[in-house]
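These notes concern the structure reproduced below.
The values are calculated or read from the model by the stated rules, or taken from the named source; none is laboratory data. Only a predicted model underlies this, so the values are computations on that prediction, with no experimental measurement involved. Only protein heavy atoms, including side chains, enter the accessible area calculation; ligands, DNA and RNA are left aside. Shrake-Rupley method; radii C 1.70, N 1.55, O 1.52, S 1.80 Å.
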Amino acid sequence: MQRPLHEDFLLKETNPHLGGGKITGDKLTSTYDLVEQMQYLYVRVVKAKELPAKDVTGSCDPYVEVKLGNYKGTTRHFEKKSNPEWNQVFAFSKDRIQASMLEVTVKDKDFVKDDFMGRILFDLNEVPKRVPPDSPLAPQWYRLEDRKGDKVRGELMLAVWMGTQADEAFPEAWHSDAATVTGTDGLANIRSKVYLSPKLWYLRVNVIEAQDLQPSDKGRYPEVYVKATLGNQVLRTRVSPSRSINPMWNEDLMFVAAEPFEEPLILSVEDRIAPNKDEVLGKCAIPLHYMDRRLDHKPVNTRWFNLERHVIVEGEKKKETKFSSRIHTRICLEGGYHVLDESTHYSSDLRPTAKQLWKNSIGVLEVGILNAQGLMPMKTKDSRGTTDAYCVAKYGQKWVRTRTIIDSFTPKWNEQYTWEVFDPCTVITIGVFDNCHLHGGDKAGGARDSRIGKVRIRLSTLETDRVYTHSYPLLVLHPNGVKKMGEIHLAVRFTCSSLLNMMHMYSQPLLPKMHYIHPLTVSQLDSLRHQATQIVSMRLSRAEPPLRKEIVEYMLDVGSHMWSMRRSKANFFRIMNVFGGLIAVGKWFDQICNWKNSITTVLIHILFIILVLYPELILPTIFLYLFLIGVWYYRWRPRHPPHMDTRLSHAESAHPDELDEEFDTFPTSQTADIVRMRYDRLRSIAGRIQTVVGDLATQGERLQSLLSWRDPRATALFVLFCLIAAIVLYVTPFQVVALLIGLYVLRHPRFRHKLPSVPLNFFRRLPARTDCML
């Protein structure tokens, strides 16, 4: 019963009607070529003039209503203005047009009932077509008519045309698909948008020393440390070992800073008077705009900063004058590092911060986000399930967000985006989300956009200049198991501008050279990555429309480092799969040694004798063998990008309690009994790991004891054996020795014993330090 379910989780190759024409080989017939063309009727309402007065005040409050069948869009209204300017665009999907006439009506806003001022009718059969790069259609003045068709006072400037989603007016247009969305905030939240991540820097603060500190208690040795604060990031140096009023540290603190630099670096020198009680001896605020920016490991100049002593006077902080304490630092913005804000396994950008160090791009990545199929209902509206889906794609510093398709389980986006590629060993991430902010952010009541699923595509797995059109399963892990939330249909093409440059990239370090010349520690990288993701999510959530925190964190895999029994099992079996090849070779060699197939064993004997007699053939033989294997496997090379594998992830076989533990909060919110049960389970697993680690340590200690004289008889035997072996090997040609050892290893089973060999018996009898363990 499991097999059909797993088949449903597989990638499916498709053959869509891209760019208005079929794919011909690997090339396409249109410039907007990775999406299906969608036809729209566009109406641009520019302005009106000489509108008649309708109110008793002799003025009017005009707005325009654009109506096509059952769909109706309205402009904003102006108060007391007879010559208003709107410059708004309305887009009606051709697939949903059920009328032959377009009606554009000018009305006067009123408290009771809006007054009719005039209208213009258009026959859809006479509307012109426009396809970019044609110039935009020039709007024209149209005289208003009453309901009988007679001309009335007032004119309206309009442009009406048939176009596609490639039209420049498309992103900012009001869409008939979203006719139920009202308000400026709601409309802003459903539009497509391109975002740029803030430019991130590592800030290195080298705290050297301080001078002339003035602690309040002169009779004790001060325990002084420096607290550095940048935004929400707080780091402390160790307590100075000098314990004087001129303490020294020479300690590095690392922060993440984002342009534009909004907050200063605050250094606070503090004295630990008692546990949990510190006295501030001085502070200084340092703007980052004036800090040195370095591109390599050359040291920058040090600087002294005066410390300001704050005293409380009548409840207010005031600077104390005549204060001469100061701090000596070396502060710089590191441009030679890449600030990691993503998991290193899924990085989409590996360039250093400083643009001067960037290399030329090697190609272009184009992605067509076509549609989704079979999405699950994500929320309830009017007692029925509904989904308002949009996509977010992230590669490098560029994030894109498609428009939201309202109330559809089969949304069609057909939007195409392009990225410059600087390294082929990078990953693009595409996520699908349900929009819970259709009525503006303030009215959503703290709602969070729900995740529907995501797809990762590694560029190095793609053939260049080939269009990949596949339907990817959207798989999400829930506390009750893995669930398919639908499928997303993508068209992907990676175009290489210089094959030589791309091949050269495979010889370059993955990260900028500063990561290797002055490497950061693992704990530093983890902390800095956490700070970087917080900064990126905060900055993008302030955009319009906002890319919310939950979206950014899901795309950046913020929680991927948390403990998971399922993920641990998956990683263990991945390791076993890696060693599976070596284990298979070992089993095959054991069969050779035991003469399971006499012909194969004889051939191996012949090959071995040839290699011993002609050792210069050993390396050429190995590399020729690897070459032939590679050529042989070329016939079965993967023809589609990799995708989420539920079997590899152990998502299908995970126990419900393991999944419940994976989705638990940190710190835990479970009851004490469940925590105790999980702790005991973890202890039992850790006990097995502990045993394996102890066994490995035992074997290593036995090797060390060969020459340590811990067992004097064993060491004496080994030393004597080494002397005899040295003499024998000196007088005997190496080829003879190798031949004899090989023939001994490959000897026939009738010359073998089932008991362990003498060297193995000797090794197992050697002492280890297990006797000294408590």
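Structural remarks
- Working note: Karplus 6.51/-1.76/1.60 with θ = phi - 60° gives segment 567-573 the couplings 5, 5, 4, 4, 5, 4, 6 Hz, where Gly and Pro are set to x.
- Cα long-axis angle, helix 712-731 against the chain (0 to 90 degrees, to the nearest 10): 90 degrees
- Probing with 1.4 Å while keeping every protein chain in the model, the per residue accessible area of segment 189-237 equals 42 Å².
- Surface share of carbon and sulfur [accessible, 1.4 angstrom probe, percent] for segment 524-658: 69 percent
- Extension reserve of the Val46-Ser541 stretch, reckoned as 0.36 nm per residue once the Cα distance is removed: 175.0 nm
- Between Lys379 and Thr386, the built amide H atoms are under 5 Å apart, and every one of these is 5 or more places off in sequence or on another chain.
- With contacts taken as Cα pairs under 8 Å at a separation of at least 6 residues, the chain carries a relative contact order of 10 percent.
- Average 1/r across all pairs of distinct alpha carbons in segment 388-472, invert it, and you get the Kirkwood radius: 14.7 Å.
- Stokes-Einstein D in µm²/s, Kirkwood radius over Cα pairs - segment 640-716 at 4 °C with 1.567 mPa s viscosity: 76 µm²/s
- Accessible-area ranking of Ser471, Ser135, Ser244, largest first, probe 1.4 Å: Ser135, Ser244, Ser471
- Cross-link pairs beyond the 28 Å C-alpha cut-off, checked among Lys49/Lys72; Lys283/Lys549; Lys109/Lys193: Lys283/Lys549; Lys109/Lys193
- Pairs from the list Lys47/Lys381; Lys107/Lys151; Lys67/Lys113; Lys199/Lys513 with a Cα-Cα gap above 26 Å: Lys47/Lys381.
- For semi-axes √(5λ) of the Cα gyration tensor in Å, the candidate list reads [x] 63, 43, 25; [y] 102, 75, 24; [z] 57, 33, 28; the entry that matches the value derived from this model is [x].
- Against the criterion of solvent-accessible heavy-atom surface with a 1.4 angstrom probe, Leu295, Leu611, Leu659 sort, most first, into Leu295, Leu611, Leu659.
- Largest-first ordering by accessible area, 1.4 Å probe, given options Leu520, Leu10: Leu10, Leu520
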